[in-house]
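Asker: Please find one structure pasted underneath; my questions will follow.
Just so it is clear, none of the values below were taken in a lab; they were calculated from the coordinates. None of these values were measured; they are calculated from a predicted model. All Cβ positions, even for glycine, are placed from backbone atoms using ideal geometry, and neighbour counts span all protein chains on display.
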Amino acid sequence: MANGDWTTWEEAGSRPQFLGPMAAPDLRAELDSLLLQLFQDLEELEAKRAALNARVEEGWLSLSKARYSMGAKSVGPLQYASLMEPQVCVCTSEAQDGLQRFWLVRASAQTPEEVGPREAALRRRKGLTRTPEPESFPALRDPLNWFGILVPHSLRQAQASFREGLQLAADMATLQIRIDWGRSQLRGLQEKLKQLEPESA
Amino acid sequence: MLEGAEFYFNVDHGYLEGLVRGCKASLLTQQDYINLVQCETLEDVKIHLQTTDYGNFLANQTNPLTVSKIDTEMRKKLCREFEYFRNHSLEPLSTFFTYMTCSYMIDNVILLMNGALQKKSVKEILVKCHPLGRFTEMEAVNIAETPSDLFNAVLVETPLAPFFQDCMSENTLDELNIELLRNKLYKSYLEAFYKFCKNHGDVTAEIMCPILEFEADRRAFIITLNSFGTELSKDDRETLYPTCGKLYPEGLRLLAQAEDFDQMKRVADHYGVYKPLFEAVGDGSGGKTLEDVFYEREVQMNVLAFNRQFHYGVFYAYTKLKEQEMRNIVWIAECISQRHRTKINSYIPIL
């Protein structure tokens, strides 16, 4: 296949190509396998979506249970600062097939260059300590401790539910990208097949 | 039998006892709870509550109605009733009422200090403070940096001052120290309240002392349960246990060494009152939690307090039962607003 004349991948796909007498069955097989993969991904996405909904619902109910034991005003917006540092960040990377993947990264695994401003931010947050932090990687505080040290079990359960939900959300974003890519591939292959059919008929 | 409360209690406190019994009769019944559970939205809950003693307490609330607003208005209503009782009381009932408000004051102080840690404005927190625990020096709490500061500058004139003896230290108030301060203050308060009731004697001591003993033991169990897996050391934990309960002293010593729920259960098995409570705890997510079992027992004891006359325990019992009712309504409202109705029947019926 001489692709050197086309300037872009889209152009290459849109011009009719002479693919030879055996191209159609290969193309159909590829189409089938792509379709199967797409359906598998869709099923996985639906399952993950249902799981995410369940985790988020559980998390909110556990928060209500915590409010039942601790008092309705003890688990609410009064307990956390309006500005906070995230504990978990989303990173993207390119896999071999050119698709983006989303990773969750815990904030403690950061490079040394970022210590300077982060230390100052932590010092501001602590506010009351007067000695500077000696270590260069101060541990980030667990958000559970915003509500006190002796928190009921339901609050820990809520934290666990929301953490699982986070992981699911990242997986769902990756799957969504794969599905979109799969659909565009499918459309491309179907176009090619259509162009091939009138020739072989 | 010849201590004589029957002879002179009504002179000073008869009117208030009659009033509180009337208030107790207007607590929500089982039928009211059944109606509430069937509501689809919070507006329905508001309509159903209008037919009860709550009346139009939500009439001035703007849309949308939230669970937090319902809770705030219920608290205000309880506070109005309580203030009425308090304003019409004579000694020693007035001191009894002051003791009752101290627990809410402690909660407010801790709320204000946590808010200071999170850099919240004082006005924002004052709105959410419990109205029963209001005191004039509240706005100044957030400037204190150590417990000694807090005592000397702010709380020395309040009823909380005598509870500070074990809490004085120069450590700065971070989350761990605030938690320790909260529990130590509460421990001193409970022990002082217990002593007051015991010294008063008569029917009041017969009713209030078992209730306060249960409260002390319950706190010891819950502190132990919540401290598993945290940075709180066993010695620190032992200093937080109130000593006016049945568990003192051997039970508390054993409890301080417990490392998981089963060891805690073995300590409870030594006491006839607590063994059946721990056996009622379901395992996993299906059954009741330990806290639920304790709440049920508390409701039982408070309802029984109304079977005797001529004592101050009816006021304490009424306030606690009203709080349980508020917890029930907030739980039902949360289940309705989250559309998660599987556990909506986990409230504790009172009457």
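Asker: Over chain B, with a Gaussian network built from C-alpha contacts below 10 Å, which listed residue (B:ALA144, B:ALA205, B:ALA305) shows the highest mean-square fluctuation?
Answerer: Looking only at B:ALA144, B:ALA205, B:ALA305, the largest GNM fluctuation is found for B:ALA144.
Asker: Right, something else. Is the C-alpha gyration tensor of the range B:166-227 telling us rounded, prolate or oblate? Criteria: a/c under 1.5 is rounded; beyond that, a/b larger than b/c is prolate, otherwise oblate.
Answerer: It comes out oblate by the Cα gyration axes.
Asker: Taking the beta-carbon count within 10 Å as an exposure proxy, list B:PHE294, B:PHE221 from fewest neighbours to most.
Answerer: Taking fewest neighbouring Cβ atoms as first place, the list is B:PHE294, B:PHE221.
Asker: Next question. Can you give the net charge of the other residues whose Cβ lies under 15 Å from the Cβ of A:LEU31, counting K and R as +1 and D and E as -1?
Answerer: 0
Asker: Next question, about the same structure. Length gain on complete extension for the stretch A:ARG28 to A:VAL88, per 0.36 nm per residue less the alpha carbon to alpha carbon distance?
Answerer: Roughly 17.3 nm would be gained on extension.
Asker: Let's see if you can work this out: charge +1 on each Lys and Arg Cβ, -1 on each Asp and Glu Cβ, no other charges. What is the dipole magnitude of the protein assembly as shown about its Cα centre, in debye to the nearest 20?
Answerer: Dipole magnitude for the protein assembly as shown comes out near 980 debye.
Asker: Further, regarding this structure: Can you return the lysines within cross-link range of B:LYS69? Criterion is Cα-Cα under 26 Å, with same-chain partners fewer than 8 residues away left out.
Answerer: Leaving aside lysines fewer than 8 places away in the same chain, those within reach of B:LYS69 are A:LYS65, A:LYS73, B:LYS24, B:LYS46, B:LYS77, B:LYS119, B:LYS120, B:LYS123, B:LYS128, B:LYS320, B:LYS322, B:LYS343.
Asker: Along the Cα-to-Cβ line of A:ARG141, 7 Å from the Cα, sits a label point; which residues in the range A:80-100 have backbone N less than 11 Å from it?
Answerer: A:80-81
Asker: Can you give the FRET efficiency to the nearest 0.05 for B:VAL273 and A:GLU44, using r as the Cβ-Cβ distance and R₀ = 56 Å?
Answerer: 0.60
Asker: With r as the distance between the Cβ atoms of A:GLN176 and B:THR239 and R0 = 45 Å, compute the FRET efficiency 1/(1 + (r/R0)^6) and round to 0.05.
Answerer: Given R0 = 45 Å and the Cβ-Cβ separation, E is 0.25.
Asker: Tell me what the protein assembly as shown gives for mean residue ellipticity at 222 nm when only DSSP H runs of n ≥ 4 count, each as -39,500 (n - 2.57), the sum divided by the residue total, rounded to 500 deg cm²/dmol.
Answerer: -20000 deg cm²/dmol
Asker: Take B:CYS23, B:CYS209 and order them by how many other Cβ atoms sit within 10 Å, fewest up front.
Answerer: Least to most surrounded, the residues fall as B:CYS209, B:CYS23.
Asker: Rounded, prolate or oblate, given the Cα gyration tensor of the range B:5-338, with a/c below 1.5 counting as rounded?
Answerer: rounded
Asker: Here is a further query. Say the dipole of the range B:5-338 comes from +1 at the beta carbon of Lys and Arg and -1 at that of Asp and Glu; which of B:PRO64, B:HIS13, B:ALA116 then lies farthest toward its positive end?
Answerer: Of the candidates, B:HIS13 comes out farthest on the positive side.
Asker: Still on this structure, please answer the following. Just report the Cα centroid separation between the range B:50-68 and the range B:111-125, whole Å.
Answerer: 27 Å
Asker: May I ask you to derive the FRET efficiency for B:GLU296 and A:ALA95 from their Cβ-Cβ distance with R0 = 45 Å, giving the value to the nearest 0.05?
Answerer: It comes out at approximately 0.25.
Asker: Could I ask something else about it? For B:SER169 and B:PHE7, calculate 0.36 nm times their separation in residues minus their Cα-Cα distance, and state this gained length in nm to one decimal.
Answerer: Going from the current span to full extension adds 53.5 nm.
Asker: Want the number for B:GLN309 to B:GLU259: 0.36 nm per residue separation, take away the alpha-carbon distance, what's left?
Answerer: 13.7 nm
Asker: In what sequence do B:CYS39, B:CYS335, A:CYS89, B:CYS102 fall when counting other Cβ within 10 Å, fewest first?
Answerer: Ascending number of Cβ neighbours within 10 Å: A:CYS89, B:CYS39, B:CYS335, B:CYS102.
Asker: Something else about it: Using a Cα-Cα cut-off of under 16 Å, which aspartates and glutamates could be cross-linked to A:LYS48, ignoring same-chain neighbours fewer than 8 residues away?
Answerer: Those aspartates and glutamates meeting the cut-off are A:GLU57, A:GLU58, A:GLU164, A:ASP171.
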